[in-house]
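Here, each number is a calculation from the coordinates, and none is a lab measurement. Since we're looking at a predicted model, the values are computed, not measured. Here the Cβ is made from the backbone with ideal geometry for all residues, glycine too, and neighbour counts use every protein chain on show.
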Amino acid sequence: MDSKPTQASPENALPALPLPAIQAFAAADMAAVDALIRRRLASDVVLVNQVAEHIIAAGGKRLRPMLLLLAARALGHQGADAHQLAAVVEFIHTSTLLHDDVVDESDLRRGRSTANAVWGNAASVLVGDFLYSRSFQLMVELGSMPVQEILADTTNRIAEGEVLQLLHVRNPDVDEAAYLHVIERKTAILFAAATRLGALLAGTGADVQQRLHDYGLNLGLAFQIADDVLDYSADEATLGKHLGDDLAEGKMTLPLIHAMAHADDALRARLRTIVEHGDVAALDDVVAAIHASGGLEYSIDRARVYAARAEAALAGLEDNEAVAALRGLARYAVDRTT
């Protein structure tokens, strides 16, 4: 495929699709991915099946595999290789969830008990390892060294992001730059890998692959910032996890970072103590400080900047329904309530 596809004029561009339309557009491909996931989860070790099925069945929007499929379709490619690679991306993501919940001592995800709350930390860590190794089996079957290089680098950077976040736990001195560095590696890098891999499968040149990488990276940043806003503003039943979890886990996210930066000396000292002790009982005080500083509005504005950059990265692609879906996901990332 030509690495310089024709750009649709703005007045002729298809409108960005809302999430239900995106899900309907991708439904057949996603059903194939889900079927493949369940086939390849199978193990003769019963506990592996139980834990893996628990977290896979918890649902979620499967954004990362969907992004790979949409990126490939935007550039004219569909097929079994895309389904398999989308499953790889979902296995990597799921394994990180299992490990994250252990590190964070979480007991609720998507409104259900976490695997570690049900089976314990050891089982969660080891089944997470199983999912990592199964993802690499699937990727090797495709026989593409560029695919393996992208995913090997991505999983390594995700691990670095997890360690960076651990180093920042209960550290009130984390600033916006350090926060962005963590979420780029912990979250955005897998979004970027998914969309780059879609472009790679479509046989595009380096320029288009880079555009799709940039789209995914900026989308991931927007998505994570919006997610961190929800931790201080969403309805708990809708969100499917406890409000204030980030505070309880000692995580400095952008709304609180902004509040700290704009607090007077007395309030800053109070917030420092709360962060250092992970004092979730003081959540109301923290939320009040965030509201007073405009921290939620500032954070959503930053998320919108990254979402706009994601949309801008699609400029130059030949317009089609899959591109409209990618534009829609950039808007959904900052407008969602869960």
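When ranked by the protection proxy of mean other Cβ atoms within 10 Å per residue, highest first, what sequence do the peptides 316-326, 194-204, 25-35, 223-233 form?
Result, highest mean Cβ count within 10 Å first: 194-204, 223-233, 316-326, 25-35.
Under Stokes-Einstein, with the Kirkwood radius over Cα pairs standing in for Rh, what whole-number D in µm²/s applies to the range 186-333 at 20 °C and 1.002 mPa s?
128
How charged is the neighbourhood of ASN156? Take every other residue with its Cβ under 13 Å from the Cβ of ASN156, and add Lys/Arg as +1 and Asp/Glu as -1.
Neighbourhood net charge equals -1.
Which residue, VAL102, VAL163, VAL280, tops the fluctuation ranking in a GNM of the chain built on C-alpha contacts under 10 Å?
Of VAL102, VAL163, VAL280, the Gaussian network model singles out VAL163 as fluctuating most.
Rounded to two decimals, what is the ratio between the C-alpha radius of gyration of the range 178-259 and 2.2 N^0.38 Å?
Rounded to two decimals, the normalised Rg is 1.32.
At VAL280 and GLU160, where each label point lies 7 Å from the Cα along Cα→Cβ, what is the point-to-point distance in nanometres?
Going from the VAL280 label point to the GLU160 one covers 3.2 nm.
Relative to the longest principal Cα axis of the chain, at what angle does helix 80-104 sit, 0 to 90 degrees, rounded to 10?
Helix 80-104 sits roughly 10 degrees off the main axis of the chain.
Quick check: convex hull over the Cα atoms of the chain, volume per residue in Å³, rounded to an integer?
123
Between ALA28 and ASN171, what is the label-point separation in nm under the 7 Å Cα-to-beta-carbon projection?
5.0
Run the numbers for GLU321 and ASP335: contour at 0.36 nm per residue of separation, minus the present Cα-Cα distance, in nm.
3.0 nm
Once you place label points 7 Å from the Cα toward the Cβ at LEU108 and THR273, how far apart are they in nm?
The modelled label-to-label distance comes out at 2.8 nm.
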